[in-house]
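These notes are about the structure you will find just below.
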Amino acid sequence: MSGGIEDKLFTIRFKVDENSHLIIKDQEVCKNCATKECNYFCPADVYHWEGAYTSVAFENCIECGTCRIGCPTYNIEWVYPKGGHGITYKFG
Amino acid sequence: MANEKFDAIVVGAGPAGSAAAYTMAKAGLSVVLLERGEFPGAKNLFGGVLYRKQLEDILPDKWQEAPFERHIVEQRLWILDSQSAVTFGHRNEAFKHPYNCFTGMRVKFDQWFAGKAEEAGALPIYETVALELIREGDKVVGVRTDREDGDLYADVVVIADGVNSLLGKSLGIHREWSPDEVSLAVKEQIFLPKEKIMDRFNLEGDEGVTIEFIGETSKGMIGMGFLYTNKESLSLGIGVMVSELKRTRIKPYELLESVKQHPVIRKLIQGGETKEYAGHLIPEGGYHSIPPLSGNGWVICGDAAQLVNFVHREGTNLAMKSGQFAGEAIIEAKNRGDFSRATLSLYDQKVKESFVHKDLRKYRGLHGFLKEIDPKLAFTDLPRVLNEAAYEMLLVDGETKANKQRNAIKRMKETLGGTFSALKFGYKGWRAING
């Protein structure tokens, strides 16, 4: 294993819902965010600033909750994926 | 799902929820055990240590059947610099009689533990999210789920939905955790042949070792790492406060990668295959972050109530104990036919009189202390000075031991900003863990 995040996420089983459980409330707020911390603190690299908006790779979310607490403007609406969906650990 | 009414609905089939569900179901109460994962434990994660005592309190005859990995005979603490370690530890055969604690995996353990609640009569409803609490006035009367016709009613709801506790927050009993009340831990499950693990960690049979490490590995952030032995794998992880990740912009998984490169850790994991990467928040707000534990028609347990002793990495045991206490209080409420705060506060009282509350109270000053100090000083500079002093003392280079000792003390004082600051640091630190 090379240690990159893609390889790490590959070890996890996900049952992906078609709808995102993570919503950016207001992309304008992201535009004005100087630090864009979600691009760094997320352990699954879910958030990327694409130059004009924040993209959300919710399929990779490991449901830790860091973004809900860490976003300086609380601009992320965070709920659980639909029952039985999302991450399923093998060991935990 | 019919609009049936139960004595209790337990939200979350982790150690707190299953302990509560088991306790109540065994006493004949009608209990629903709700879990959003595919099965209990599917969403759950911990570093890896389970304690016997609290499990035995709940399942005196059955705790031995729990799917443990290794029973811990040795606990080590490493203070790391970039190339070195000062190590402390305690190994004792007495930890086997009776077993003190075990390593485990939550996917296995939580399924087993929830299974005990099911055997006792709790009704499992899995793959179902509790969306919100149903209220009548100031009373909680049920749970709305994401299933069709998914309203469930009960006299009391046990909120055991973990660190993110959306339900606890919706009650307004505490605000959202702040970034310095929670740590993010990332972990890898690294597989190695059993014999390799036993050789590298000096083990026989099912003996196991835990290692906690602080120092250079957290890159100047407030945090701690861990390396635990399982049967055929190692759990390697590191947790740092979310506020620290925000400050430093260090990516959690890159931090974990750098931990794996540390020379004393690299050699223990080498040749291993990572079969799972994982991440989870740990509630580390301590005593001052504990919300009220009960109200009209509800109780809150485990991580959802910030019941984690991060100084001693105890959490699952506090969760189990709080779940058990909550279950006992609800049984009494059922006997009295009163599910208001007046009776359910028996739960608060039980927690208050136990080690759960008292241990967290003891360390109540630590949170403030960590806020006050420069994290780099405590988590990088002091570990480095300690390592340098050890190196100097053990290095035979013609310099006298007296000189080496003088230099070490001088450097320690300098690092702390002079004699007065050193004394203040020591005093405050002492107060924080002996409050």
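The values are calculated or read from the model by the stated rules, or taken from the named source; none is laboratory data. Please read all numbers here as calculations on a predicted model, not as lab measurements. Neighbour counts run over all protein chains shown; Cβ positions are idealised from the backbone, glycine included. Side chains included, ligands, DNA and RNA excluded: accessible areas come from the protein's heavy atoms. Shrake-Rupley method; radii C 1.70, N 1.55, O 1.52, S 1.80 Å.
Return yes when residue B:171 is assigned by TED's automatic domain parsing to the domain that holds residue B:50 and open to solvent by 40 Å² or more (accessible area, probe 1.4 Å) and no when it is not. Before the answer, list the steps.
On the way: assigned by TED's automatic domain parsing to the domain that holds residue B:50: yes; open to solvent by 40 Å² or more (accessible area, probe 1.4 Å): no.
The answer is no for residue B:171.
Yes/no matrix, rows are residues, columns are (1) of a type in the set (Gly, Ala, Ser); (2) at the interface with another protein chain (Cβ under 8 Å from one of its Cβ atoms); (3) more than 24 Å from residue B:178 (Cβ to Cβ); (4) surrounded by fewer than 20 Cβ atoms within 10 Å (Cβ to Cβ):
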{"residue": "B:235", "(1), (2), (3), (4)": "yes, no, yes, no"}
{"residue": "B:240", "(1), (2), (3), (4)": "no, no, no, no"}
{"residue": "B:247", "(1), (2), (3), (4)": "no, no, no, yes"}
{"residue": "B:255", "(1), (2), (3), (4)": "no, no, no, no"}
{"residue": "B:262", "(1), (2), (3), (4)": "no, no, yes, no"}
{"residue": "B:266", "(1), (2), (3), (4)": "no, no, yes, yes"}
{"residue": "B:270", "(1), (2), (3), (4)": "no, no, yes, yes"}
{"residue": "B:293", "(1), (2), (3), (4)": "no, no, no, no"}
{"residue": "B:312", "(1), (2), (3), (4)": "no, no, no, yes"}
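One residue alone among B:96, B:116 is open to solvent by less than 50 Å² (accessible area, probe 1.4 Å), more than 10 Å from chain A (Cβ to nearest Cβ), within 16 Å of residue B:22 (Cα to Cα) and more than 19 Å from the chain's Cα centre (by Cα), and that residue is B:116.
Could you count how many residues in the stretch B:72-87 are within 22 Å of residue B:204 (Cβ to Cβ) and either open to solvent by 20 Å² or more (accessible area, probe 1.4 Å) or modelled with pLDDT under 95 (or both)? So that I can check it myself, show each step before the final result.
Within the stretch B:72-87, the subset within 22 Å of residue B:204 (Cβ to Cβ) is B:72-76, B:87.
Adding the requirement that they be either open to solvent by 20 Å² or more (accessible area, probe 1.4 Å) or modelled with pLDDT under 95 (or both) leaves B:74-76, B:87.
Total meeting the criteria: 4.
Is it the case, given these coordinates, that residue B:304 is part of a helix (DSSP H, G or I), open to solvent by less than 20 Å² (accessible area, probe 1.4 Å) and within 14 Å of another protein chain (Cβ to nearest Cβ)? When the stated conditions are applied, residue B:304 passes them.
Name the single residue that is nearest to residue B:243 (Cα to Cα) among those in the stretch A:79-90 being assigned to a strand (DSSP E or B) and facing chain B (nearest Cβ under 7 Å). The residue in question is A:87. Here B:17, B:28, B:37 are screened, and the one residue that is within 14 Å of another protein chain (Cβ to nearest Cβ) and of a type in the set (Gly, Ala, Ser) is B:37. Going by what's in this entry, would residue B:5 be described as under 17 Å from the mean Cα position of the chain (by Cα), of a type in the set (D, E, K, R) and surrounded by fewer than 18 Cβ atoms within 10 Å (Cβ to Cβ)? Considered against the rule, which asks whether it is under 17 Å from the mean Cα position of the chain (by Cα), of a type in the set (D, E, K, R) and surrounded by fewer than 18 Cβ atoms within 10 Å (Cβ to Cβ), residue B:5 comes out as no. The set of residues in the stretch B:132-141 being surrounded by fewer than 20 Cβ atoms within 10 Å (Cβ to Cβ) and in contact with a helix residue (DSSP H, G or I) (Cβ under 8 Å, 6 or more places away or on another chain) consists of B:132 alone. So, in the stretch B:125-159, exactly how many residues are in a loop (DSSP other than H, G, I, E, B) and closer than 20 Å to residue B:37 by Cβ? The number of residues fulfilling the criteria is 8.
Going by the conditions given, is residue B:285 assigned to a loop (DSSP other than H, G, I, E, B) and on the phi > 0 side of the Ramachandran plot? Spell out how you get there, then give the answer.
Values: assigned to a loop (DSSP other than H, G, I, E, B): yes; on the phi > 0 side of the Ramachandran plot: no.
It is false that residue B:285 is assigned to a loop (DSSP other than H, G, I, E, B) and on the phi > 0 side of the Ramachandran plot.
Selection of first residues in the stretch B:233-247 that are in the same structural domain as residue B:45 (by TED's automatic domain parsing) and of second residues that are in a helix (DSSP H, G or I) and not charged (D, E, K, R), restricted to Cβ pairs under 6 Å at least 6 apart or on distinct chains, gives an empty result.
Regarding residue B:25, is this residue within 20 Å of residue B:167 (Cβ to Cβ), out of contact with any Pro (no Cβ under 6 Å at 6 or more places or on another chain), of a type in the set (A, V, I, L, M, F, W, C) and buried (at least 24 other Cβ atoms within 10 Å of the Cβ)? Walk me through it before giving the result.
Values: within 20 Å of residue B:167 (Cβ to Cβ): no; out of contact with any Pro (no Cβ under 6 Å at 6 or more places or on another chain): yes; of a type in the set (A, V, I, L, M, F, W, C): yes; buried (at least 24 other Cβ atoms within 10 Å of the Cβ): yes.
It is false that residue B:25 is within 20 Å of residue B:167 (Cβ to Cβ), out of contact with any Pro (no Cβ under 6 Å at 6 or more places or on another chain), of a type in the set (A, V, I, L, M, F, W, C) and buried (at least 24 other Cβ atoms within 10 Å of the Cβ).
Being within 14 Å of chain A (Cβ to nearest Cβ) and out of contact with any helix residue (DSSP H, G or I) (no Cβ under 6 Å at 6 or more places or on another chain) is the filter here; which residues of the stretch B:99-113 pass it? I'd like the intermediate steps shown before the answer.
Step one: filter the stretch B:99-113 for residues within 14 Å of chain A (Cβ to nearest Cβ), giving B:103-113.
Once the filter is applied, which keeps residues that are within 14 Å of chain A (Cβ to nearest Cβ) and out of contact with any helix residue (DSSP H, G or I) (no Cβ under 6 Å at 6 or more places or on another chain), the stretch B:99-113 yields B:103, B:104, B:105, B:106, B:107, B:108, B:109, B:110, B:111, B:112.
Do we find that residue A:76 is more than 9 Å from chain B (Cβ to nearest Cβ) and open to solvent by 40 Å² or more (accessible area, probe 1.4 Å) in this structure? So residue A:76 fails the test.
Looking only at the stretch B:165-215, filter to residues that are farther than 23 Å from residue B:272 by Cα and part of a helix (DSSP H, G or I); which one of those is nearest to the other protein chains (Cβ to nearest Cβ)?
Within the stretch B:165-215, the first condition is being farther than 23 Å from residue B:272 by Cα, and the residues that meet it are B:165-184, B:215.
Those still in the list that are part of a helix (DSSP H, G or I) too: B:166-170.
Values: B:166: 7, B:167: 11, B:168: 13, B:169: 10, B:170: 11 Å.
Among them, the one singled out is B:166.
Report yes if residue B:356 is closer than 14 Å to residue B:288 by Cα, touching a helix residue (DSSP H, G or I) at 6+ places or on another chain (Cβ under 8 Å) and free of Cβ contacts under 8 Å to residues at least 60 places away in the same chain, otherwise no. Spell out how you get there, then give the answer.
Working: closer than 14 Å to residue B:288 by Cα: yes; touching a helix residue (DSSP H, G or I) at 6+ places or on another chain (Cβ under 8 Å): yes; free of Cβ contacts under 8 Å to residues at least 60 places away in the same chain: yes.
Here the answer is yes, as residue B:356 does meet what is asked.
Of B:352, B:358, B:334, all but one fail to be within 30 Å of residue B:312 (Cα to Cα) and over 17 Å from the mean Cα position of the chain (by Cα); the exception is B:352.
Out of everything in the stretch A:18-66 that is away from chain B (no Cβ under 12 Å), of a type outside the set (D, E, K, R) and in a helix (DSSP H, G or I), what residue ends up being farthest from the chain's Cα centre (by Cα)? Result: A:29. Checked against the criteria, residue B:55 does not count as within 14 Å of chain A (Cβ to nearest Cβ) and either surrounded by fewer than 24 Cβ atoms within 10 Å (Cβ to Cβ) or of a type in the set (A, V, I, L, M) (or both). Of the residues making up the stretch B:277-303, just one is of a type in the set (D, E, K, R) and in contact with an Asp or Glu (Cβ under 7 Å, 6 or more places away or on another chain), namely B:284.
Determine whether residue B:162 is surrounded by fewer than 18 Cβ atoms within 10 Å (Cβ to Cβ), on the phi > 0 side of the Ramachandran plot and either assigned by TED's automatic domain parsing to the domain that holds residue B:298 or part of a strand (DSSP E or B) (or both). When the stated conditions are applied, residue B:162 does not pass them. Among the residues of the stretch B:142-157, is there at least one that is within 29 Å of residue B:259 (Cβ to Cβ), assigned by TED's automatic domain parsing to the domain that holds residue B:43 and surrounded by 18 or more Cβ atoms within 10 Å (Cβ to Cβ)? No, the stretch B:142-157 has no match at all.
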